[in-house]
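The values are calculated or read from the model by the stated rules, or taken from the named source; none is laboratory data. Fair warning: this is a prediction, and the values are worked out from it, not measured in the lab. Backbone-built Cβ (ideal geometry, glycine too); neighbour counts: all protein chains shown. Surface accessibility is based on the protein's heavy atoms, side chains included, excluding ligands, DNA and RNA. Shrake-Rupley method; radii C 1.70, N 1.55, O 1.52, S 1.80 Å.
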There are 2 protein chains.
Amino acid sequence: MTKQRGQIVIDKILDTAERLFYTQGYCNTGINQVIDEADIAKGSLYKHFESKTDLMVAYLQRFHQRWYERIEQEISKTEDPKKKLLAILEYHGQRQHIREFGGCPFIKANNEAGMSDPRILAEIQQAKQRLKNLIKTLVSQSNHKKLMTDKELTETIYLMTEGGVAAASVFKQDKDLQAAKKILQKLI
Amino acid sequence: MTKQRGQIVIDKILDTAERLFYTQGYCNTGINQVIDEADIAKGSLYKHFESKTDLMVAYLQRFHQRWYERIEQEISKTEDPKKKLLAILEYHGQRQHIREFGGCPFIKANNEAGMSDPRILAEIQQAKQRLKNLIKTLVSQSNHKKLMTDKELTETIYLMTEGGVAAASVFKQDKDLQAAKKILQKLI
DNA sequence: AATTAAATAGACAAATCTGTCTATTTAATT
DNA sequence: AATTAAATAGACAGATTTGTCTATTTAATT
């Protein structure tokens, strides 16, 4: 079963949209630039996506799925729940480095287009909630020091992750995320 | 000494730009909407600001100053450094409520326009650094429990603040910031 | 009161934006 | 091989964008 012709076009569009929407921003990226860099015709884009907003939604949905799969894959490298928690912070630092400290794609999308379409906000909320739930599960399995409750530790880790990525986008480095990792080592 | 005519115009422009750039976003706000809602002429805007980017920079500079003054005023309500630290989290929750959970103005500006002009990123970095320094000073005065070092506690508080505001913008509520406050009470 | 500076309304240019449409070519399927 | 569906290039509409410019009115200053 080889790839359908249509799927190749869709993939090229979504790949390009993902790259441009993230690096330049949704508003700063025109449809014409997307079709130019994706090397497809405008008619093809509007055959598969009703509007630019729909393209944004589709990008976020696909990104949400791939993003979560990457995190799951990353923490699967160790069995220890404590190490898995540390890996989440480590991973976010690595990703921000790859992304040249452009910040969280979900937060970016939310800031620019979160209020314009309910599907956008919903997708972002679901993604963030999944991360929270993942942390919660790992915390409950971690047998941590009980310096705080499971709920509080979960919250702390989530906030340090979110804050660390934001700090990375401001200061263009990942030392806040690295610091968060060291702090977490003391807390668990 | 009453207000100069020019200053009134500048204030109206900056007030409107601040409101629209935050609620709608920089890209989603046109110069024409700014002059319409500020109720001034287009020529007046371009007399005081060379470009839309310059207006953004001026908005951020004024906002940075006022923002920091508000925080200083807020924490001046108590003498206890521990309570001052808690007040920072409390204050950010209140502000996000007022802002209808639109997130951090600096992070928003950075995501949308941080790479387009070095002055924008510089202003945002300075603002965030000031917050970090403020927390650092308060931590050093707080005589906290020493569950972690001063540096680590400072980092934790900063990250929880940054992450809490981001979470507020995603989930449209301030309970993450409230949770952060309760966690901080345990840490100090 | 006369002069100077600033604010105004609004036309305008030039570029860009999203989205539509047509005519043609390419590829997959029967 | 014939048919059907999809991708292409590109023109086009209509709206919107930033920024400029002119002519006029308003306000402050000498």
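Look at the stretch B:122-134: the mean tally of other chain Cβ atoms within 10 Å of its residues' Cβ atoms is 1. For the protein assembly as shown, rounded, prolate or oblate, judged on the Cα gyration tensor with a ≥ b ≥ c (square roots of eigenvalues), a/c < 1.5 rounded, else prolate if a/b > b/c? Oblate, since a/c reaches 1.5 and b/c is not below a/b. In chain B, the portion of solvent-accessible area held by carbon and sulfur atoms comes to 49 percent [1.4 Å probe, whole percent, DNA, RNA and ligands not counted].
Between A:Phe63, A:Phe21, A:Phe171, the residue with the greatest mean-square fluctuation in the GNM of chain A (Cα pairs under 10 Å linked by springs) is A:Phe171. Pairs of Cα atoms nearer than 8 Å and 6+ residues apart set the relative contact order; for the range A:1-49 it is 40 percent.
When B and A come together, around 3300 square angstrom of accessible surface is lost from both chains combined, probe 1.4 Å.
Within a straight-line Cα-Cα reach of under 14 Å, A:Lys52 can be paired with the following aspartates and glutamates, leaving aside sequence neighbours fewer than 8 residues apart in one chain: A:Glu18, A:Glu112, A:Asp117. Rg/Rh for the range B:1-84 (Cα atoms only, Rh after Kirkwood) is 1.11. Normalised by the number of residues in chain A, the average gap of Cα pairs under 8 Å and 6 or more apart makes the relative contact order 23 percent. Taking the Cα centre of each part, how many Å lie between the range B:141-172 and the range B:5-54? After rounding, the separation between the Cα centres reads 35 Å. For the range B:17-133, a Kirkwood radius taken over Cα pairs fed into Stokes-Einstein (10 °C, viscosity 1.306 mPa s) yields D = 102 µm²/s. For the range A:4-20, putting each phi into the Karplus relation 6.51 cos²θ - 1.76 cosθ + 1.60 with θ = phi - 60° gives couplings of 5, 4, x, 5, 4, 4, 4, 4, 4, 5, 5, 4, 5, 4, 4, 5, 6 Hz, in residue order, rounded to whole numbers and with x for Gly and Pro. Neighbours of B:Ala167, meaning other residues whose beta-carbon lies under 12 angstrom from its beta-carbon, give a summed charge of -1 when Lys and Arg score +1 and Asp and Glu score -1. The figure for A:Cys27 is an accessible area of roughly 40 square angstrom, using a 1.4 Å probe on the protein chains alone. Inter-chain Cβ neighbour count for A:26-34, averaged per residue, equals 2 (cutoff 10 Å, partner chain atoms only). The loop-placed trypsin sites (Lys or Arg not before Pro) in the range B:1-51, going by DSSP, that have at most 16 neighbouring Cβ atoms within 10 Å of their Cβ come out as B:Lys3. Derived scalar couplings between HN and Hα for the range A:64-75 equal 3, 4, 5, 4, 5, 4, 5, 5, 4, 4, 5, 7 Hz in order, rounded to whole Hz, by the Karplus curve 6.51 cos²θ - 1.76 cosθ + 1.60 (θ = phi - 60°), x for Gly and Pro. Taking a cut-off of 14 Å, what percent of all Cα-Cα pairs in the range A:85-124 are separated by more than that? More than 14 Å apart: 54 percent of the Cα pairs in the range A:85-124. Report the paramagnetic label zone for A:Lys175: residues of the range B:151-182 whose backbone N is under 15 Å from a point 7 Å from Cα along the Cα-to-Cβ axis. Answer for this model: B:151-152, B:154-156. Of the cross-linked pairs A:Lys77/A:Lys132; B:Lys84/B:Lys182; A:Lys83/B:Lys83; A:Lys108/B:Lys151; A:Lys128/A:Lys181, those separated by over 25 Å at the C-alpha level are A:Lys83/B:Lys83; A:Lys108/B:Lys151.
Shown for the range A:59-187 is the translational diffusion coefficient from the Stokes-Einstein equation, using the Kirkwood radius over Cα pairs, a temperature of 25 °C and a viscosity of 0.890 mPa s: 163 µm²/s. Springs join every pair of Cα atoms under 10 Å in this Gaussian network model of chain A, and among A:Glu18, A:Glu50, A:Glu162 the largest mean-square fluctuation is at A:Glu50. By the beta carbon rule, with partners counted only under 4.7 Å, the protein assembly as shown holds these lone Cys residues: A:Cys104, B:Cys104. Working from label points 7 Å from Cα in the Cα-to-Cβ sense, the B:Glu72 to A:Gln73 distance is 5.0 nm.
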